[in-house]
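Notes to accompany the following structure.
Derivation of every value follows stated rules applied to the coordinates shown; laboratory data play no part. Note that the structure is a prediction, hence the values are computed from the model and not measured. Counting neighbours? That spans all protein chains shown, and the Cβs are built from the backbone with ideal geometry, glycine included.
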Ligand code: MF3
Ligand code: CO
Ligand code: CO
């Protein structure tokens with residue numbers, strides 16, 4: 001496997017697919033309230049992607065080797081669920097935190113993004129975990145420029161998460177993305193500065209830190225997909241798809257309703 005540098009034409013298609021993925025999150029936001037089931041959110045997102053946007057929901061029937069086909073169109077990971085939560089009958093309740101992860105395919109290219117949603121009144125710890133994880137995403141993004149390494153990204157994320165008393169999930173990572181859902185390189189969310197793959201213009205990959213309030217250890221559920229914290233502590237995740245430009249980065253998963261970058265991110269790079 002090797003890293004696919006994208007052509008200008010492919011980059012334009014990625015901009016479209018990525019914006020559509022972010023716009024699904026904007027669309028679903030007002031529905032993410034106490035009492036809604038994750039299955040209802042899945043149906044709403046599915047219908048919006050297919051009937052309004054003319055996209056294919058990439059998760060539906062996605063079956064990487066060793067996995068059975070994913071049965072739904074989005075991932076909904078609630079509280080101690082880390083990632084790949086399968087939508088179902090479960091109703092969201094006040095106090096829950098949920099990650100909604102959307103991947104669209106438009107014109108053969110994938111856009112991949114996720115956000116955290118806070119349901120009703122949440123604990124101070126839950127809010128802090130979601131905020132620190134969002135900051136971790138941006139600590140990683142800020143490292144992106146030609147000549148930087150993947151280790152720079154991972155280190156920045158790990159420092160911020162562990163500095164806040166949280167832990168970084170090791171088994172799942174960001175990834176190259178384009179005509180395929182998951183491409184090289186693997187973008188891990190921990191590491192040492194100056195190590196690993198060196199970034200070049202026209203690479204496109206996700207950064208999607210999964211941060212646990214407790215220990216880093218994970219457990220896989222019997223459904224074959226859902227991943228939870230072994231200690232049942234809360235977990236949060238935010239994801240953007242990012243292009244390496246000549247001078248830095250461009251966030252591709254942009255929309256009107258996206259959470260703005262933290263204040264400390266330089267305006268030139270937003
Ligand atoms: N969207 C996830 C990611 O960020 C992957 C989900 S795979 C699925 O890489 F099959 F669970 F949808
Ligand atoms: Co991803
Ligand atoms: Co995703």
R0 of 22 Å, Cβ-Cβ distance residue 31-residue 254: FRET efficiency to nearest 0.05
0.55
Could you tell me the relative contact order of the chain? Use alpha-carbon pairs under 8 Å, at least six residues apart, and round to a whole percent.
23
Residues in the stretch 4-42 near a label at residue 121, defined as backbone nitrogen under 18 Å from the 7 Å Cα→Cβ point?
33-35
Taking 22 Å as R0, compute the FRET efficiency from the Cβ-Cβ separation of residue 65 and residue 40 and round it to 0.05.
0.10
Could you work out the helix-only [θ] at 222 nm for the chain, with each DSSP H run of four or more residues adding -39,500 (n - 2.57) and the total divided by the number of residues, to the nearest 500 deg cm²/dmol?
-7500 deg cm²/dmol
The distance between the Cα centres of the stretch 14-29 and the stretch 213-242, in whole Å, is 23
Considering Cα pairs under 8 angstrom that are at least six residues apart, work out the relative contact order of the stretch 165-264 and quote it in whole percent.
25
Counting only backbone N atoms under 11 Å from a point 7 Å out along Cα-to-Cβ of residue 171, the residues of the stretch 66-98 in range are 82-83
